[in-house]
Amino acid sequence: MLRGWRLIALVALIGALSVLAFPADGSALSAAFIQLTQSGPSPSDLTIPAGMYPVWVNQDQVTHTVVFADGLCSFQLAPGAYGQCDFGFSVGRYPYTVDGTVQASIVVSAPPPDTVTLTARQHSLRRDAQLRLHGLLSISQCCGPPPPRLEKTPVVVMARPDRHHAFHRLARAASGGRRQEGGYPWWLNVHPRKATIYIAEVTYEPAGEQGSRQAWSRPFKVLVRR
């Protein structure tokens, strides 16, 4: 842990606004650095995606005080010190002041929506035949490259006989393939006995974010021949 904080200080001292990953609790935490200088914070208005958090580094020769509106967070930084807030930065705008006079803000933007597709080799088959539904799950990343594999996919396949009925949960899809262009592959083998409409649903809570994400595929209709 000490080595990680030394790395933060080193990056800040060379005047970089950068992204750093901390494997502290099994999840990646990414920091965006803000430099406190004689003329104020740099950048004074910072926009970061959900899943990141700001870290302030005092590069001035005097102590500076950071105070957020509504009493969310406040701290003092001596020369060369760094600091951050304890509360989670969900999507929204967070104004703050430095030394009670310089106005600044943090804006946390929502990540791009996840997408999931569903398709099959054919739209019709014999009643005793098996059909493999498959597709790609694309998960937006706040920072850094996506992992090469997604071992546990949150894709659930829903089904209904026609548009007059509600979708019901059929099964959780299988996964495990390497990431392709467009996302991570998933698949599910089904044995429809009559005409069925399928749809893929994704609901999960990403690490480091507030709330859950959801995505739905386009419906895929299968006709069954006798």
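The values are calculated or read from the model by the stated rules, or taken from the named source; none is laboratory data. Small disclaimer: the values here were computed from a predicted structure and weren't measured. All Cβ positions, glycine included, derive from the backbone under ideal geometry; neighbour counts span all protein chains shown.
Before moving on, here are some points about what is shown:
- Single residue of region 8-34 satisfying the filter (crowded, with 19+ Cβ neighbours inside 10 Å and assigned to a strand (DSSP E or B)) that is modelled with the lowest pLDDT: Ser30
- Residues within region 88-113 that are of a type outside the set (Val, Ile, Thr) and touching a Phe, Trp or Tyr at 6+ places or on another chain (Cβ under 9 Å), tallied: 8
Matching residues to (1) aliphatic (A, V, I, L, M); (2) in contact (Cβ under 8 Å) with a residue 60 or more places away in the chain:
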{"position": "Ile48", "(1), (2)": "yes, yes"}
{"position": "Met52", "(1), (2)": "yes, yes"}
{"position": "Val55", "(1), (2)": "yes, no"}
{"position": "Gln59", "(1), (2)": "no, no"}
{"position": "Thr65", "(1), (2)": "no, no"}
{"position": "Ala69", "(1), (2)": "yes, no"}
{"position": "Gln76", "(1), (2)": "no, no"}
{"position": "Gly80", "(1), (2)": "no, yes"}
{"position": "Phe87", "(1), (2)": "no, no"}
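- If you go through region 88-110 and keep only what is under 17 Å from Phe33 (Cα atoms) and in a loop (DSSP other than H, G, I, E, B), you end up with Gly88, Phe89.
Condition check ((1) over 30 Å from Glu181 (Cα atoms); (2) surrounded by 13 or more Cβ atoms within 10 Å (Cβ to Cβ)) across all residues:
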residue	(1), (2)
Pro41	yes, yes
Pro79	yes, no
Gly92	yes, no
Gly100	yes, no
Thr115	no, yes
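- Answer from Cys142, Cys85 - the residue that is surrounded by 19 or more Cβ atoms within 10 Å (Cβ to Cβ) and modelled with pLDDT under 90: Cys142
- Thr203 meets all of the listed conditions (1) assigned to a loop (DSSP other than H, G, I, E, B); (2) of a type in the set (S, T, N, Q); (3) at pLDDT 80 or above; (4) under 27 Å from Gly88 (Cβ atoms) but one, namely (1).
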